[in-house]
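Engineer: Here you go, one structure.
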Amino acid sequence: MVDVLGFDKAVVPSLRENLFRQYGTTLRGLKTVYNIDEDDFLEYVHDIPLDQYLRPDKELARILNLYSERKVIFTNASREHAERVISVIGLEGIFDQVIDIIQISPWCKPFPEAFTKAFEIARVGEPGNCVLLDDSQRNLLAARQFGVYTIQVGTETRCDGADAAVMSLLDLPTVIPVSSDIMRVN
């Protein structure tokens, strides 16, 4: 916002927060209000050395592979960013699909239209048979309106909108037992 759009550093935190709250993401707000190029924005903000912040996680890969159900990443980031994260963490081959912010445009999580579009893209016939793992209460609340089973990640105390909570994805088996039958959570 400072480097490309020329905003004063002093106004960026409150402007970013206002755009995030009103439009769902800063990107959607900047696109709507200032007509920025989404691809340029995503490329700029995701140009970070992920390997300085993330490490391969064999235990996470093991846990996720315990579940035979289809796994879809639904993100307010770009597909390229999600794929880079997957690669750095070592989760290649685990996810069946990535649904990114460009695919659900002009919407984003937490808007119901974004979920509707994501269900369509993922060919989900019955959202009530889905599970959403997310750290954002507003995303969990939105998913729950569709009957999705919601798991808040990053806390042991679940918020309104979450059916369960886990501190880490490594704790997933404590809230969704692994079984050979089709997972039924509702």
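The values are calculated or read from the model by the stated rules, or taken from the named source; none is laboratory data. Everything numeric here is computed off the predicted structure, so don't read it as measured data. Cβ sites come from the backbone with ideal geometry, for glycine too, and all protein chains shown count toward neighbours.
Engineer: Take the residues of the stretch 82-116 that are part of a helix (DSSP H, G or I) and of a type in the set (D, E, K, R): which is surrounded by the most Cβ atoms within 10 Å (Cβ to Cβ)?
Structural biologist: 84
Conditions tested, residue by residue: (1) at negative phi; (2) modelled with pLDDT of 95 or more; (3) surrounded by 13 or more Cβ atoms within 10 Å (Cβ to Cβ); (4) in a strand (DSSP E or B).
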| residue | (1), (2), (3), (4) |
| --- | --- |
| 132 | yes, yes, yes, yes |
| 139 | yes, yes, yes, no |
| 142 | yes, yes, yes, no |
| 151 | yes, yes, yes, yes |
| 156 | yes, no, no, no |
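Engineer: When you go through (1) over 24 Å from residue 32 (Cβ atoms); (2) hydroxyl-bearing (Ser, Thr, Tyr); (3) modelled with pLDDT of 95 or more one by one for residue 116, which number turns out not to apply?
Structural biologist: (1)
Engineer: Name the pairs whose Cβ atoms lie under 7 Å apart, with the first residue in the stretch 50-71 and within 17 Å of residue 177 (Cα to Cα), the second surrounded by 13 or more Cβ atoms within 10 Å (Cβ to Cβ) and among the aromatic types (Phe, Trp, Tyr), and 6 or more positions between them or separate chains?
Structural biologist: Pairs found: 71/95.
Engineer: Further question: Are there any pairs, at least 6 apart or on different chains, whose C-beta atoms fall under 7 Å, with the first in the stretch 131-159 and assigned by TED's automatic domain parsing to the domain that holds residue 24 and the second assigned to a strand (DSSP E or B), and if so, which?
Structural biologist: Going by the 7 Å Cβ cut-off, there are no qualifying pairs.
Engineer: In addition: For the stretch 100-157, which positions are within 27 Å of residue 31 (Cβ to Cβ) and among the β-branched types (Val, Ile, Thr)?
Structural biologist: 101, 102, 104, 116, 121, 124, 148
Engineer: May I ask you to verify whether residue 32 is within 25 Å of residue 118 (Cα to Cα) and surrounded by 16 or more Cβ atoms within 10 Å (Cβ to Cβ)?
Structural biologist: no
Engineer: For the stretch 1-57, which residues satisfy the criterion of being within 16 Å of residue 85 (Cα to Cα), part of a helix (DSSP H, G or I) and of a type in the set (Val, Ile, Thr)?
Structural biologist: Of everything in the stretch 1-57, just one residue is within 16 Å of residue 85 (Cα to Cα), part of a helix (DSSP H, G or I) and of a type in the set (Val, Ile, Thr), namely 45.
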